[in-house]
Amino acid sequence: YLRQLYAYVVVDTCSYLTDITLAVLDIADSIVLVIIQDIPSIKNDRMFLDLLTTINVPAEKIAFVMNKYDKRIASITPEKVGENLKQEVLATIPLDERTVIPAVNRGVPFMIDNKTQPAARGIYTLAEGLRAKLVRRDMEETDKPVKR
């Protein structure tokens, strides 16, 4: 129903799988998997990625974003995580406590009044990367020959 009303529908699912979550993943045009810079998180993302592969979700449908990226943690970079997951990390949202924590505490999205801050630029990069990915997918679908 929402697809009929809006160009984009964003669904923030819970962190565990339910029948509803699986149904949403099945009909989604794109799945954004959020990664953080610790080994348990990356291990869980690897297991989730394996599950998506098992249920025949195409890898092109999945986009990885590294949240709270801290350049000081040199052992876990987006490039290394991408190598481990065998898929590029589309965007990084830097650790930006001076912007994000006060926004959360005030209940005001930081994107409203801090559009030039590092975390906001990371969100814009993610949005642009997703848009480009969806446009490429749509172009590939229109270029496919019609089966008769």
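The values are calculated or read from the model by the stated rules, or taken from the named source; none is laboratory data. Note that the structure is a prediction, hence the values are computed from the model and not measured. Neighbour counts run over all protein chains shown; Cβ positions are idealised from the backbone, glycine included. Surface areas here come from the heavy atoms of the whole protein model, side chains and all, with no ligands, DNA or RNA. Shrake-Rupley method; radii C 1.70, N 1.55, O 1.52, S 1.80 Å.
Of note:
- Split the accessible area of the chain by element, probe 1.4 Å, and carbon with sulfur accounts for 58%.
- The listed peptides 86-96, 42-52, ordered by packing as a protection proxy, come out as 86-96, 42-52 (highest mean of other Cβ atoms within 10 Å first).
- FRET efficiency for residue 143 and residue 16, using Cβ-Cβ distance with R0 set to 41 Å, rounded to 0.05: 0.60
- Close amide-amide hydrogen proximity is noted between residue 35 and 65, 66, 67, each under 5 Å apart and 5 or more residues distant or on a separate chain (H modeled in the peptide plane; Pro and chain starts excluded).
- In the chain, lysine pairs closer than 24 Å at Cα, eight or more apart or cross-chain: 21
- Rounded accessible area per residue of segment 15-94, 1.4 Å, Å²: 61
- Relative to the longest principal axis of the Cα atoms of the chain, the long axis of helix 118-143 lies at roughly 10 degrees.
- Under 5 Å, built H, 5+ apart or other chain: amide partners of residue 70: 95
- Computed over neighbours whose Cβ is under 12 Å from that of residue 39, the net charge equals +1, Lys and Arg +1, Asp and Glu -1.
- The C-alpha atoms of the chain define a longest principal axis, and helix 39-54 lies at about 10 degrees to it.
- Residue-averaged 222 nm ellipticity for the chain, from DSSP H runs of 4+ at -39500 (n - 2.57), nearest 500: -15500 deg cm²/dmol
- Scattering profile of segment 2-49 at q = 0.17, 0.18, 0.28, 0.29 Å⁻¹ [log10 I(q)/I(0), Debye over alpha-carbon scatterers]: -0.60, -0.66, -1.17, -1.21
- The long axis of helix 97-106 is offset from the longest Cα principal axis of the chain by roughly 80 degrees.
- Most positive-pole-ward Cα, 10, 34, 76, against dipole of segment 1-127 from beta carbon charges: 76
- log10 of Debye I(q)/I(0), alpha-carbon scatterers only, for the chain at 0.21 Å⁻¹: -1.50
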